[in-house]
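The values are calculated or read from the model by the stated rules, or taken from the named source; none is laboratory data. Note that the structure is a prediction, hence the values are computed from the model and not measured. Here the Cβ positions follow ideal geometry from the backbone for every residue, glycine too, while neighbour counts run over all protein chains shown. Heavy atoms of the whole protein, side chains included, go into the accessibility calculation; ligands, DNA and RNA do not. Shrake-Rupley method; radii C 1.70, N 1.55, O 1.52, S 1.80 Å.
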Amino acid sequence: MIKISGQFPKDQVINDLRKFQKQVQFANVVALTRTAQDVMAAEQKQVDEVFDRATPYARNAFFLKPATKDKPEARVWIKSDTFKGTPAENFLRPQIDGGTRKVKRFERALINAGIMPAGYYVVPGEACPLDQYGNIPSRLIVQMLSYFRSFGEQGYKANMDAKGRARFDRRASKAIGQQVTYFAVGLKGKLQPGIYQRINFASGSAVRPIFIFVKSVNYKRRFRFYETSEQVINRRYKPNMDASLQAALASQR
């Protein structure tokens, strides 16, 4: 009979387990962040699939918050702030959840100036030129805000005075070869509320809508943000975890 005896190296085993636990925790943080990067790439790809002529701004509408040791949770969501213009969350969230979007900054300026009724939104009229992405050009928005003195600060230099509006009308008239002026219509007008271009001819005049004011803008739910994210997480987390754990253990050895 052979007897094998020895003292169990408890301290060493505990120390090894602690090291292994740290490697697993580190690998998990890396895997979570890499999976979030995979989610973000899939959402950016979906933007091009869902929207016709998607803008670079729309493709870059998402932000990623990496996981950390103290907070092992990575986040991917829509940007809610912007230096200027409309925050990405305002135009993309209704496409995810459905319903009515928030009032845009320039729409609020028109409302505050009394040009557009409260609770209304702007949509392009048939005479509104669109940019390469099918949106109202920002230059036109600035021009209309300036023309109708809708910038918030009183006396703000971007608001046109009478001479400025006359110069703007002359440039527009020269561009189409006819005399042009612009006017706004509220709820009591015979025309649909909006901003119109009046073209004067020798025998009369015609009006063309630039902006139309509508009571609601409802969106169907068509951007599958949550479904896409869940599919990517289910498909990519385990491979990312296996790879990061293998790399972590290799570095320990």
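Values as computed for the structure displayed
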| quantity | calculated |
| --- | --- |
| Dipole of the stretch 107-253, positive end: most advanced residue of L249, Q178, I210 [Cβ charges, Cα centre] | Q178 |
| The chain: angle of helix 138-147 to the longest principal axis, Cα-based, in degrees nearest 10 | 40 degrees |
| Area of L140 that stays accessible when all protein chains are in place (1.4 Å probe, Å², to 10) | 20 Å² |
| Net lengthening on full extension, T55/N200 (0.36 nm per residue, minus Cα-Cα) | 48.6 nm |
| Helix 88-97 vs. the chain, principal-axis angle (Cα, 0 to 90°, nearest 10) | 80 degrees |
| Mean separation of Cα contacts under 8 Å, 6 or more apart, over the residue count of the chain: relative contact order % | 25 percent |
| Long-range amide H partners of F223 with built H, under 5 Å | I96 |
| Exposed-loop-free span, longest in the chain, where chymotrypsin sites (Phe, Trp or Tyr not before Pro) count as exposed if DSSP calls them loop and at most 16 other C-beta atoms lie within 10 Å | 157-253 |
| Potential lengthening between L249 and S216 on full extension [0.36 nm per residue; Cα-Cα distance subtracted] | 6.2 nm |
| Dipole magnitude of the chain about its Cα centre (Cβ charges: Lys, Arg +1; Asp, Glu -1), debye to nearest 20 | 440 debye |
| Net charge of Cβ neighbours under 13 Å - reference R53; Lys, Arg +1; Asp, Glu -1 | -3 |
| Summed residue charge, Cβ within 15 Å of L191's Cβ, Lys/Arg positive, Asp/Glu negative | +3 |
| Label-point separation, Q231 to R105 (7 Å along Cα→Cβ), nm | 3.5 nm |
| Exposure of E49 as accessible area (Å², to 10), given a probe of 1.4 Å and all protein chains | 130 Å² |
| Aspartates and glutamates whose Cα lies under 17 Å from that of K238, excluding same-chain neighbours fewer than 8 positions away | D38, E73, E230 |
